[in-house]
Amino acid sequence: MTAIDPTAHLTAEQIEELGRELDAIRDEVIASRGEKDAAYIRKVISAQRKLELVSRGVLLFSMFPPAWLIGTAGLSVAKIMDNMEIGHNVLHGQWDWMRDPKIHSTTWEWDHVSPSDQWKHSHNELHHTYTNVIGKDNDLGYGIMRVDEDQKWHPFHLGQPLWNFINACFFEYGIAAYDLELGRNLNKRRRKNPEFRARAKAVGRKIRKQVLKDYVIHPLLSGPSFLPTLAATFTANLVRNIWSHSVIMCGHFPEGVQVFERRSIKGETRGQWYLRQMMGSANISGSKAMHFMTGNLSHQIEHHLFPDLPSNRYAEVAVKVRALFEKYELEYVTGPLPKQVFSAWRKVVRLSLPNKTQKTNKTHKTNDKPMVETPVREQELVGA
């Protein structure tokens, strides 16, 4: 069963006016960036490094269960902080305006097997440009899943809940493979491409560096606690991977989030691009601590509208953005983490099965604005 295009009531003029209002929100934040924001990211980086150092120090005694539990928990949080609130956002260029060479998108390297320069290309340039466009945005389903009823079903898709679970456990390696576009580069001819070979070697070097650090050097420094420290590091990486996978799934995959066909973005204006980000993203509601641990990607809608704004400003921006959703009678998809995770996984399972009925309408474009078709949703329209 299909629903009416949720943007059908908007005229082309209204969409461009929406774009101008969003531009004004962005300009206001850019004009107000200052020392308070700079102090925030420096404080976060300092806290993360201290937490990781202390946690690894505690793991020197990880043969004792209390030390193992404390050290593992601390290292898990430190790795999440490094990937989410620090690495992801620094590599987006959110802090480049500080002109600090130590906290800059061109110099930052993170605790991740994917080299930062490759991640910036696949994520910043491709995912954020082609958000939720089937066949263009491989972040949508990470290139391995069926993400919409209009996609042809194959028996292979029956296994996608399993593939998604495995991807969650080893998410950083999945991201590295996605950055390499392995799906289209594994044939013999493409494997010989000098550019691909150079990128593959860079990923190999990064993986060796990460494995050596996490599974050789630090466990060896623990002496008799070698094996418990090895297990603790593996556990911390597992926790970090599952957490980041869950947060990212909640940003683009819950029921109520739109997907788009390639032809729907042809000739797309800035207002239309903004509208696609709004309809192709979802938020997670919760406490300040939860927002922090998600790298503020719990404000995924705001992040996709303004990917280069400092993450600590998304909470204030969200109030203004939600007001625009209400003004233009659009659905602001949000909910607590458990609800959004369940919704995303339910969709993964549902789309692993063949359609019960054949859909007849396709995503299309008319009247100079993108039109999307979506399944009936449980969430209510904001302001309805």
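The values are calculated or read from the model by the stated rules, or taken from the named source; none is laboratory data. Just so it is clear, the structure is predicted and the values come from calculations on it, not from any experiment. Cβ atoms come from the backbone with ideal geometry, glycine included; neighbour counts cover every protein chain shown. We work out accessible area using only protein heavy atoms, side chains counted, and drop any ligands, DNA or RNA first. Shrake-Rupley method; radii C 1.70, N 1.55, O 1.52, S 1.80 Å.
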>> Would you confirm, using the coordinates I've provided, whether Tyr178 is in contact (Cβ under 8 Å) with a residue 12 or more places away in the chain and open to solvent by 60 Å² or more (accessible area, probe 1.4 Å)?
In response: no
> If you take the residues of segment 280-289 that are open to solvent by 10 Å² or more (accessible area, probe 1.4 Å) and out of contact with any strand residue (DSSP E or B) (no Cβ under 8 Å at 6 or more places or on another chain), which of them is farthest from Val44 (Cα to Cα)?
Replying inline: Ser287
>> If I ask for residues that are part of a loop (DSSP other than H, G, I, E, B) and of a type in the set (A, V, I, L, M, F, W, C), which ones from segment 66-110 would you list?
In response: Trp95, Ile103, Trp108, Trp110
> Within the bounds of segment 300-314, is there any residue that is of a type in the set (Val, Ile, Thr) and surrounded by fewer than 21 Cβ atoms within 10 Å (Cβ to Cβ)?
Replying inline: no
> Within segment 114-121, is there a residue that is open to solvent by less than 30 Å² (accessible area, probe 1.4 Å), in a loop (DSSP other than H, G, I, E, B) and under 19 Å from Asn241 (Cα atoms)?
Replying inline: yes
> Inside segment 219-229, can you point out the residues that are at negative phi, open to solvent by less than 50 Å² (accessible area, probe 1.4 Å) and assigned to a helix (DSSP H, G or I)?
Replying inline: Pro219, Ser225, Pro228, Thr229
>> Just to check your reading of the model, which residue among Leu59, Leu91, Leu75 is surrounded by 18 or more Cβ atoms within 10 Å (Cβ to Cβ), touching an Asp or Glu at 6+ places or on another chain (Cβ under 8 Å) and not hydroxyl-bearing (Ser, Thr, Tyr)?
In response: Leu75
>> I need a count of the residues in segment 316-344 that are open to solvent by less than 70 Å² (accessible area, probe 1.4 Å), in a helix (DSSP H, G or I) and in contact (Cβ under 8 Å) with a residue 24 or more places away in the chain.
In response: 10
>> Looking at the structure I just gave you, is Glu52 under 22 Å from Glu302 (Cα atoms) and open to solvent by 10 Å² or more (accessible area, probe 1.4 Å)?
In response: no
> Does Ser264 satisfy the condition of being hydroxyl-bearing (Ser, Thr, Tyr) and either open to solvent by 10 Å² or more (accessible area, probe 1.4 Å) or in contact with a Pro (Cβ under 7 Å, 6 or more places away or on another chain) (or both)?
Replying inline: yes
> Restricting attention to segment 94-110, which residues are open to solvent by less than 30 Å² (accessible area, probe 1.4 Å) and either under 12 Å from Ala236 (Cα atoms) or hydroxyl-bearing (Ser, Thr, Tyr) (or both)?
Replying inline: Ser105
> Which one of Gly71, Gly87, Gly93 is in contact (Cβ under 8 Å) with a residue 24 or more places away in the chain and on the phi > 0 side of the Ramachandran plot?
Replying inline: Gly93
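Hey, can you tell me all the residues within segment 239-272 that are in a helix (DSSP H, G or I) and either in contact with a strand residue (DSSP E or B) (Cβ under 9 Å, 6 or more places away or on another chain) or among the hydroxyl-bearing types (Ser, Thr, Tyr) (or both)?
Ser244, Ser246, Arg262, Arg263, Ser264, Ile265, Gly271, Gln272
Residue-by-condition table, conditions (1) at pLDDT below 90; (2) over 22 Å from Pro354 (Cα atoms); (3) not β-branched (Val, Ile, Thr):
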position: Gly143; (1), (2), (3): yes, no, yes
position: Asp148; (1), (2), (3): yes, no, yes
position: Trp153; (1), (2), (3): no, no, yes
position: Leu182; (1), (2), (3): yes, yes, yes
position: Lys188; (1), (2), (3): yes, yes, yes
position: Asn193; (1), (2), (3): yes, yes, yes
position: Leu212; (1), (2), (3): no, yes, yes
> Within segment 35-49, which residues are open to solvent by 40 Å² or more (accessible area, probe 1.4 Å) and either of a type in the set (Gly, Ala, Ser) or at positive phi (or both)?
Replying inline: Ala39, Ser46, Ala47
> Taking the condition among the hydrophobic types (A, V, I, L, M, F, W, C) and part of a helix (DSSP H, G or I), does Ile45 pass?
Replying inline: yes
>> If Phe292 satisfies all but one of (1) crowded, with 24+ Cβ neighbours inside 10 Å; (2) among the aromatic types (Phe, Trp, Tyr); (3) at pLDDT 95 or above, what's the number of the condition it fails?
In response: (1)
